[in-house]
Amino acid sequence: MLIALIAKDKPGALEIRKANRDAHVAYLKGSGDTIMMAGPFLDAAGDMCGSLIILNVADMAEAQTWAANDPYKAADLFESVELKPWNKVLG
């Protein structure tokens, strides 16, 4: 099952993101085949302001567990996080 994790950073949280980025990227890399794609959203100035991660998981519960263990979650970076079933058509 593919799940899109769509996260929006809290306003003014760029420094929180930067301070926790290495741990977050290590978590992504350590997740093996669970991660199909991942990267930050950018604002008009080109600064990171959110995340899009495509998870390949057995079910929504696994996606929720993965999201709950993300270092960005522990750092309280996000204003919102949505987990949405996603269907790959191209790419």
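What follows is calculated from the coordinates using simple rules that are stated; it is not laboratory data. Because the structure is a prediction, the values reported are computed rather than measured. As a convention, Cβ positions derive from the backbone with ideal geometry for all residues, glycine included, and neighbour counts pool all protein chains shown.
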Query raised in the report: So K88 clears everything in (1) surrounded by 16 or more Cβ atoms within 10 Å (Cβ to Cβ); (2) over 12 Å from the mean Cα position of the chain (by Cα) except one condition, right? Which one?
Result: (1)
Query raised in the report: Considering region 65-85 alone, what residues qualify as being surrounded by fewer than 15 Cβ atoms within 10 Å (Cβ to Cβ) and not charged (D, E, K, R)?
Result: T65, A68, N69, A74, S80, P85
Report summary line: Scanning region 28-51 for residues that are in contact with a Phe, Trp or Tyr (Cβ under 9 Å, 6 or more places away or on another chain) and farther than 16 Å from E62 by Cβ, the one surrounded by the fewest Cβ atoms within 10 Å (Cβ to Cβ) turns out to be M48
Query raised in the report: Which pairs do you get when a residue that is among the hydroxyl-bearing types (S, T, Y), found in region 66-90, comes within reach of a residue that is surrounded by 13 or more Cβ atoms within 10 Å (Cβ to Cβ), reach meaning Cβ atoms under 8 angstrom, with the pair 6+ apart or on two chains?
Result: Y72/A7; Y72/R17; Y72/N20; Y72/H24; Y72/S51; Y72/F78; S80/A7; S80/K8
